[in-house]
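To start, the structure itself, in structure tokens.
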Amino acid sequence: MLAGLVGRLISLESDRRWYQVTKARLNGAGNVDLRWCRLARGTYRTVLPDGIDLAVIDGPRIRDGRQGTLGQLWPHLVSGALVFVDDLHHRPVARWVDDWRLDLGAEVLRLTDRLGVITR
């Protein structure tokens, strides 16, 4: 679990059920800021801090998923930040990554058929 490897972890969850599951699994980890927040047009309805050096974007693999998430994260990422993207084998996610590459100038390295990493 990432919480044991970092100083502070912010986890955003748009599904109430997964929020509850994650909260129970964290078992009170003091360095985790778990937030339930709605998705609106592919972005989370929350304020992000500056200085993010690691992020993970994971599903859902639907048309209205998290396509705006990297654009939301981008201004808060430090130079050299890593953003892992799961589910690259799903067509909507692959299209988001192509859009991010064009719109943001993001460099994308495909690690496996399912997982990629984007650098700032």
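Worth a mention:
- In the chain, the DSSP-assigned H stretches of four residues or longer account for a calculated mean residue ellipticity at 222 nm of -7500 deg cm²/dmol, using -39500 (n - 2.57) per stretch and the full residue count as denominator.
- Full extension of the chain segment joining residue 18 with residue 108 gains 29.6 nm, where the gain is 0.36 nm per residue of separation less the Cα-Cα distance.
- Taking the Cα centre of the chain as reference, the dipole from Cβ charges on Lys and Arg (+1) and Asp and Glu (-1) amounts to some 440 debye.
- Packing order of peptides 79-87, 32-40, 16-24, highest average first: 79-87, 32-40, 16-24 (average count of other Cβ atoms within 10 Å over each peptide's residues).
- Average Cα contact separation per residue, the chain, under 8 Å, 6 or more apart, as relative contact order %: 20
- Global form of the chain, assessed from the alpha-carbon gyration tensor, a/c cut-off 1.5: prolate
Since every read-out is calculated from the coordinates, none of them should be taken as a lab result. Remember, it's a predicted structure, so these values are computed and weren't measured experimentally. As a convention, Cβ positions derive from the backbone with ideal geometry for all residues, glycine included, and neighbour counts pool all protein chains shown.
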